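Novice: Can you read through this structure? Questions will come right after.
The values are calculated or read from the model by the stated rules, or taken from the named source; none is laboratory data. Bear in mind that the values here come from a model prediction, so they are computed numbers and not experimental data. Positions of Cβ are generated from backbone atoms using ideal geometry, with glycine treated the same way; all protein chains shown enter the neighbour counts.
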Amino acid sequence: MKLLTGLLAAVLLLASAGGSQAVVRIADDRGGRIGTYVDKYQGLRTSGEAVIIDGLCASACTIVLGAIPRDKICVTSHATLGFHAAWDFGNNGRAITNPEATQMLYSMYPSPVKRWIAHRGGLTPKMIFLRGKELQALYKPCYLDAQASTTKTPGDGGPVSATIKTPARAQASATKPAPASR
């Protein structure tokens, strides 16, 4: 009888797991070094996890758009993408545009994002923002469940978990990565 109960519990557990998938939540990420983000998102792509953009994703953070398949990305009403030219520190310590890195960054974006950037003058030192209806025309919307329980680990932006619902009503556990250093 215990074996039958255990088997039934295992079947129910597997059946309920079918509707869930792990997700990574991006919010308040101001970017950083391009190489760091390329490595981070290659690992994320390999994991097959979905991505929720639920706040600012700027600079190198936007590499996620080219690294993760479009059907694995959703955006909330809070999502904002910030784009600008890549830069390095010059001899005098000031930021100078790096044309080669800017071209590499631009080449990583999907065509619809490239068109959006091109219609706004390209990647320049000035940040341009993609948000709202324009962003939701390019990526599917996702919605935080009104009854989501959010727990934050005390300290410096530790993990955050929440229940989300995509348009397909799939539930997932979300984790907020630690903020970038630049």
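Novice: I'd like the full set of residues that are at pLDDT 95 or above and basic (Lys, Arg), limited to segment 23-39.
Specialist: ARG25, ARG30
Novice: Suppose we keep only residues that are loosely packed, with under 15 Cβ neighbours inside 10 Å, over 21 Å from TYR41 (Cα atoms) and not β-branched (Val, Ile, Thr) within segment 138-153. Which one would you say is modelled with the highest pLDDT?
Specialist: Step by step, filter segment 138-153, then rank; the result is ASP145.
Conditions tested, residue by residue: (1) modelled with pLDDT of 65 or more; (2) outside any loop (DSSP other than H, G, I, E, B).
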position: PRO112; (1), (2): yes, yes
position: TRP116; (1), (2): yes, yes
position: LEU123; (1), (2): yes, no
position: LYS126; (1), (2): yes, no
position: LEU130; (1), (2): yes, yes
position: LYS133; (1), (2): yes, yes
position: GLN136; (1), (2): yes, yes
position: GLY155; (1), (2): no, no
position: ILE164; (1), (2): no, yes
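Novice: Between LEU56, LEU44, which is touching an Asp or Glu at 6+ places or on another chain (Cβ under 7 Å), surrounded by 14 or more Cβ atoms within 10 Å (Cβ to Cβ) and free of Cβ contacts under 8 Å to residues at least 40 places away in the same chain?
Specialist: On the way: LEU44 fails: touching an Asp or Glu at 6+ places or on another chain (Cβ under 7 Å).
Exactly one of LEU56, LEU44 is touching an Asp or Glu at 6+ places or on another chain (Cβ under 7 Å), surrounded by 14 or more Cβ atoms within 10 Å (Cβ to Cβ) and free of Cβ contacts under 8 Å to residues at least 40 places away in the same chain, namely LEU56.
Novice: Among LEU105, LEU65, which is closer than 18 Å to LYS40 by Cβ and over 11 Å from the mean Cα position of the chain (by Cα)? Write out each step before concluding.
Specialist: Values: LEU65 fails: over 11 Å from the mean Cα position of the chain (by Cα).
None of the other options fit; the residue is LEU105.
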